[in-house]
Amino acid sequence: MAKKLRVLTTFKKDYGKLPPEIKEKVDKQVGFLLSNPDHPSLNLHPIPGTKRIWEGYIDHKYRFTFETDGDFYVLRKVGAHDSIKKP
């Protein structure tokens, strides 16, 4: 069964601040997460020191974080690599 999305307010706020060309990349990568989470461009990996939070690549500078909750991917944050590491 395919997973669905749940988008946290933090992700929505972060997304709203992104340039249009990065938003397009985010949309593409989230599409891959839903359709093919093994897609190599996602480079998914758990964030060290966490038990449930994962990081995925948007491009060489931008990343997104998510966790799984049952049948959902819960999108948490998106932005420049260093900015998503902040609490």
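Measure up LYS12/LYS51; LYS13/LYS51; LYS12/LYS61; LYS51/LYS77 against 21 Å on the Cα-Cα distance and list the ones that go over. Check vs 21 Å cut-off fails for LYS12/LYS51; LYS13/LYS51. Here the relative contact order of the range 1-56, from alpha carbon pairs under 8 Å that lie six or more residues apart, stands at 22 percent.
Note on HIS45, HIS60, HIS39: ascending count of other Cβ atoms within 10 Å places them as HIS60, HIS45, HIS39, the fewest first. Of the options (1) -0.51, -0.66, -1.02; (2) -0.21, -0.42, -1.36; (3) -0.25, -0.48, -1.22, only one is log10 I(q)/I(0) by the Debye sum over Cα atoms at q = 0.10, 0.14, 0.24 Å⁻¹ as computed from these coordinates, and that is (2).
Here the spin labels are modelled as points 7 Å beyond Cα on the Cα-Cβ line, and at LYS25 and LEU8 they lie 2.2 nm apart. Ordered by the number of other Cβ atoms lying within 10 Å of each residue's own Cβ, fewest first, LYS23, LYS28, LYS51 fall into the sequence LYS51, LYS28, LYS23.
Values quoted throughout were computed directly from the atomic coordinates according to the rules given, and no laboratory measurement underlies them. Not measured: the values here are computed from a predicted model. Every residue, glycine as well, gets a Cβ built from its backbone with ideal geometry; the counts of neighbours run over all protein chains shown.
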